Structures are given as structure tokens and as C-alpha cells.
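The values are calculated or read from the model by the stated rules, or taken from the named source; none is laboratory data. As the structure is a computational prediction, the values presented were derived from the model and not from experiment. Here the Cβ positions follow ideal geometry from the backbone for every residue, glycine too, while neighbour counts run over all protein chains shown.
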Amino acid sequence: MPTSHAPSVDRSGLRLMHVHAHPDDESSKGAASTARYVAEGADVQVVTCTGGERGSILNPKMDRPEILENITEVRRQEMERARDILGVTQEWLGFVDSGWPDGDPKPPLPEGCFGLVPLEEATERLVRLVRAFRPHVMTTYDERGGYPHPDHIRCHEVSVAAFEAAGDPDRFPDAGEPWQPQKLYYHHSFNRPRMQALHDAMVEHGLESPWEERLKEWKPEPEWDARITTRVPCAEYFGVRDQALLAHATQIDPDGFWFAVPRELQAEVWPTEDYELVTSHVESVVPEDDLFAGVTPDA
Ligand SMILES: [Zn+2]
């Protein structure tokens, strides 16, 4: 992991928890800012709600029977590699992937999956992890899940519920000492203006943009994009992000759209990962460029 510059800030003693639905989500959302905070000395923990057991194999080179037969174990190993590349600790919440419901109307969710687990049950498990790790800042998905996978929506619901419950001594009294994280964020890095900017830059450089079709289908949503409060500069860590993505070999096609835009162009056009500050128990003025802005370390 080449990081050419010595970190300019010291984040030691600060803790950040990302709650994600599947292994790979931690590498496709917020991974470069994660790598930056780790390099600066923060402790970052990824909580993965499900094992990703029902994910399709999205990399043609990995679409082999022996991979499919052992998909749970394969994805576990991929997650371990990504974890080490990003320099985070990682915990499994221990639920089973709901799968993407294909069809119209959508079929019912499979029995026992994360999407069907009672909210209280999943929340208690996450509260236990929050109280053990004691993050100052938590991130999760917006209420639309970032994209409407049932596990992503559930991940949002569980994270918001745990953020609210973890500091309350009356909630889940057997799940550890109460701990109130100071800030809660939603990921907004897959925003349309970013995609448009990358697309325009590709066209301008005479390169083939991977986003032509996608942009045609995606109607502009200025009110939605205006929800972004926080842009974290992290272009220096795009390389680490890409290595972490590649670790999820069943999910990430090395020849696919993830890597179609040259990294230097990304750094020039959109050098940040973007977030929405949803709840803050500390003073912080938006717009911000730092998830830890205004956060007070442990006394
Ligand atoms: Zn996912």
C-alpha cells in the first residue's frame, strides 16, 4: 500500500465504525477515506451484517463451480484480505444474506435471512459491538440503502437504531456499558454529479466512459445531492481502495467499470468521498471536510 506522504494529522485515540451489509461494501463505499483515517492513526472497525452468501459471482474469471460451492468461505477469505489491506478491524454481525429479489412482482425473502430478522434482535447485536468498540463516529447507508437491496435497507435501519440505543442505559442493559457515538453519517459517494463529472472528463480525454447508459437512466436529483454535508479529501488513498476492491475477487471484475476511469483523472476531477451528517451530538459547522470535525476524544 504505497502512501507517499506522512500523515499531517494525528488521529490516535479516535474511533470510526462503518456498518455495512455485505463483504465488499466496505471497499466500494468510503474505502479511501477509511484508509486515510487509518494512516492518520485512527482505529476503524467495519461491521459486516451478513456473510454475502447469496451474492452472485460478478467476475467472469471467478465464475467456477468450486468457487460457487464454497462461496461462504471464499467471501470470508476475501473479506480478511480487504480488512488487512485497509488496516481495519472487522466484526461479523452474523446474519444471512437476503439475496437480491429478482422478478416482478418480487419473490418473498428467503426464510431466516437478515431482511426478516426482527429489528430488535439485530439492533441488540450491533449495540453490543458499539459498546465494545466505542466509536466516536458511525457511518451507514441512507434510508434508500444506497441501492434498494433488502440487506442495505435493513443495515440502515439497524445502524440508526443502534446509534440511538447504544448510549441509553435502559436499552439492552445486558449488552455492555452504554456508549453514545458523537456523530452519524450516511454514505453519498455514488452521487450523480460525481458520475457526470467523471463521465465528462473521460469524454473530454477521448476515453470511453462507463457511465453513458447509467446517466441517461438516472434523473438528476438536486435535492438529494444537496444532502451531502461532508467531503473528505482522500485521493491519495484511491490506490489502497482499489486494492481492497480487488480482494473481493468474486464480486469485482478487474476489467469492469470500477477501474475504467484512470486514477489520476479521478483524483483531479473528484478527489473526495462524500457523506451526509445526519445526527451530531457535538458542534460542527457544515459543510465539513472531516468526519471527526468537532469530535472530542475520550477524556
Ligand atoms: Zn451490499
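Some notes on this structure:
- Residue in the range 269-288 that is touching a residue at least 12 places away in the same chain (Cβ under 8 Å) and part of a helix (DSSP H, G or I) present: yes
- Pair list, Cβ < 6 Å and 6+ apart or interchain, from the range 141-163 residues that are within 17 Å of PRO181 (Cβ to Cβ) to residues that are of a type in the set (Gly, Ala, Ser) and not in a helix (DSSP H, G or I): CYS155/ALA21; HIS156/GLY145
- Looking only at residues in the range 128-166 that are in a helix (DSSP H, G or I) and of a type in the set (Gly, Ala, Ser), the one that is nearest to the ligand (Cβ to nearest atom) is SER159.
- On inspection, GLY94 qualifies as in a strand (DSSP E or B), surrounded by fewer than 17 Cβ atoms within 10 Å (Cβ to Cβ) and not aromatic (Phe, Trp, Tyr).
- Entirely in the range 1-74, the helices (runs of 4 or more DSSP H) that have 2 or more residues that are more than 19 Å from SER189 (Cβ to Cβ) and either under 21 Å from the mean Cα position of the chain (by Cα) or more than 16 Å from the ligand (Cβ to nearest atom) (or both): 65-69
- Some residue of the range 146-162 being over 16 Å from the mean Cα position of the chain (by Cα) and either surrounded by 21 or more Cβ atoms within 10 Å (Cβ to Cβ) or within 23 Å of GLN45 (Cα to Cα) (or both): yes
- Test: residue in the range 216-223 that is more than 15 Å from the chain's Cα centre (by Cα), outside any loop (DSSP other than H, G, I, E, B) and either closer than 20 Å to GLU26 by Cβ or among the acidic types (Asp, Glu) (or both): yes
- For the range 119-133, the count of residues that are under 27 Å from LEU291 (Cα atoms), of a type in the set (Gly, Ala, Ser) and modelled with pLDDT under 95 is zero.
- Filtering the range 18-38 to residues that are hydrophobic (A, V, I, L, M, F, W, C) and in contact (Cβ under 8 Å) with a residue 60 or more places away in the chain leaves VAL19, ALA21, ALA31, ALA32, ALA35.
- For the range 94-107, the criterion of being modelled with pLDDT of 95 or more, within 16 Å of the ligand (Cβ to nearest atom) and within 25 Å of GLY41 (Cα to Cα) is satisfied by no residue at all.
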